[in-house]
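Comments concern the structure below.
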Amino acid sequence: MSTPSEAVPSAPASPDVSVDPAGTTAGAANITGASSAVEQRLAELGLTLPEVAAPVAAYVPAVISGNHVYTSGQLPFINGKLEATGKVSTGSEGASEESTVSPEAAKAYAAVCAVNALAAVKSVIGDLDRITRIVKVVGFVSSDPSFTGQPGVINGASELLGQVLGDAGQHARSAVGVSVLPLDSPVEVELIAEFA
């Protein structure tokens, strides 16, 4: 079954549109208050880095090894809350009685995950302008068994990273369909960032 329409976010029409799928302004930034060029670009999109999400189990949000930061998987928390849960589905496949999330909404949530991952990176290196490259992105999509559009969903994270980091945001990637994610999230994203 579908999630009620008021709970489903509208996805961005293009990568240049704000990716706040909840349509809230709580995440909007004061552009002059951005502390780095990366945060300035986020602010221009109407986004700011949130507080790093508290781990829901025995792990830390990010660790440094050499000159790389490895983030834990980030869920699409907005103001500390998951705005949607369920499997990603076009609505025409499967017979699930569970709530579903459209691919377009899931793509917007993947972008939120990327912003949350950047917050985790900043928490350990202090300044996002130190990022020299996003090396790898891994995206997990809680998928209806017939859904095969995982790469399009994770494009939300990839496009966001390209927008805010330019060439340094180009990365290798995996987009994986899974049966369920923590807290019944529709999407989860982790990344590896190189920094100087």
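Scan the range 172-196 residue by residue and report those that are among the aliphatic types (A, V, I, L, M) and not in a strand (DSSP E or B).
V180, L181, L183, A196, listed by residue number.
Among the candidates A106, A157, A110, A117, which residue alone is in contact with a Lys or Arg (Cβ under 9 Å, 6 or more places away or on another chain), of a type in the set (A, V, I, L, M) and farther than 12 Å from V38 by Cβ?
Only one candidate passes the filter, namely A157.
Which condition from (1) assigned to a helix (DSSP H, G or I); (2) of a type in the set (D, E, K, R); (3) open to solvent by 50 Å² or more (accessible area, probe 1.4 Å) is the one that E39 breaks?
Condition not satisfied by E39: (3).
Looking only at the range 122-157, count every residue that is surrounded by 24 or more Cβ atoms within 10 Å (Cβ to Cβ) and within 13 Å of the chain's Cα centre (by Cα) and tell me the total.
Looking only at that region, the number is 8.
Out of the residues in the range 166-182 that are touching a strand residue (DSSP E or B) at 6+ places or on another chain (Cβ under 6 Å) and farther than 19 Å from T148 by Cβ, state the one that is surrounded by the most Cβ atoms within 10 Å (Cβ to Cβ).
Only one residue tops the list, namely G169.
Give me the pairs: first residue in the range 50-72 and free of Cβ contacts under 8 Å to residues at least 40 places away in the same chain, second residue open to solvent by 50 Å² or more (accessible area, probe 1.4 Å) and assigned to a loop (DSSP other than H, G, I, E, B), beta-carbon distance under 9 Å, and six or more apart or on different chains, which are they?
Pairs found: A54/G80.
Among (1) under 23 Å from V176 (Cα atoms); (2) at pLDDT below 80, which single condition is T85 missing?
Evaluating T85 over (1) under 23 Å from V176 (Cα atoms); (2) at pLDDT below 80 leaves (2) as the failure.
Tell me the residue from A58, A110, A95, A54 that is open to solvent by less than 60 Å² (accessible area, probe 1.4 Å) and either more than 19 Å from N155 (Cα to Cα) or at pLDDT 95 or above (or both), please.
A110
The values are calculated or read from the model by the stated rules, or taken from the named source; none is laboratory data. Just so it is clear, the model here is predicted, and its values are computed rather than measured. Cβ atoms come from the backbone with ideal geometry, glycine included; neighbour counts cover every protein chain shown. These area figures cover heavy atoms from the full protein model, side chains too; ligands, DNA and RNA do not enter into them. Shrake-Rupley method; radii C 1.70, N 1.55, O 1.52, S 1.80 Å.
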